[in-house]
Amino acid sequence: MFEALTRLFGKAEAQLDPSDPRLAVAALLVHLAGVDGSMKEEERKAIRGALMDHYDLDETNVDQLIKEAAARDAEAVDFYKFTSGLTQLEMQDRVEIIRMMWSVVFADSKNHELEDNMVWRVAELIGVSSRDRTVLRNQMRGKAAAETSDQ
């Protein structure tokens, strides 16, 4: 019994299931935010907001998810580890992943060519069409421009 209690209370944080699509999406967003050489505060906020909104997470859970995703991203050598499971999702969910990626890209009002390339590669890997990717890019760029002009 003592061992059971030790296992229960000894874990500071519960580990996420490695096959959880939320972990894969978060890892892709974390990688995307830093692909241009630095992760800006606007990009951090965009990641948190996208994950909280799409997966209905509270701040504690999203922070744990992002922490685990950053660790997984640091270990990864390619995107296959993250994208392979995402191909099983409904198309609507895969399109939403690309929308979240574009929201991170345009969070800082800039679009680096490495960010563009990463979104293109992930979209191809998860089966989102070039047309959908481009439409989403234009929508999110327009939304970011509108938000910037409102400030």
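The values are calculated or read from the model by the stated rules, or taken from the named source; none is laboratory data. Values in this document were obtained by computation on a predicted structure and should not be read as measured data. Virtual Cβ from ideal backbone geometry, glycine too; neighbours counted across all protein chains shown. Only protein heavy atoms, including side chains, enter the accessible area calculation; ligands, DNA and RNA are left aside. Shrake-Rupley method; radii C 1.70, N 1.55, O 1.52, S 1.80 Å.
Miscellaneous remarks
- For the stretch 76-137, alpha-carbon Rg relative to the globular expectation (2.2 N^0.38 Å, N residues): 1.06
- Residue range of the chain that is longest and free of GluC sites (Glu not before Pro) which are both DSSP loop and sparsely packed (at most 15 other C-beta within 10 Å): 14-89
- Amide H contacts of Gly127 (H built 1.01 Å from N, under 5 Å, at least 5 apart or other chain): none
- Non-local Lys pairs in the chain, i.e. 8 or more apart or on different chains, that have alpha carbons under 21 Å apart: 9
- Of the solvent-accessible surface of the chain, computed with a 1.4 Å probe and all protein chains present, 51% belongs to carbon and sulfur.
- Under-5 Å amide H pairs with Lys110, H placed in peptide plane, nonlocal only: none
- Based on protein heavy atoms only, the stretch 66-147 ends up with 54 Å² per residue of surface accessible to a 1.4 Å probe.
- Sorted largest first by accessible area at a 1.4 angstrom probe radius, with every protein chain in place, the residues Ser38, Ser109 fall in the order Ser109, Ser38.
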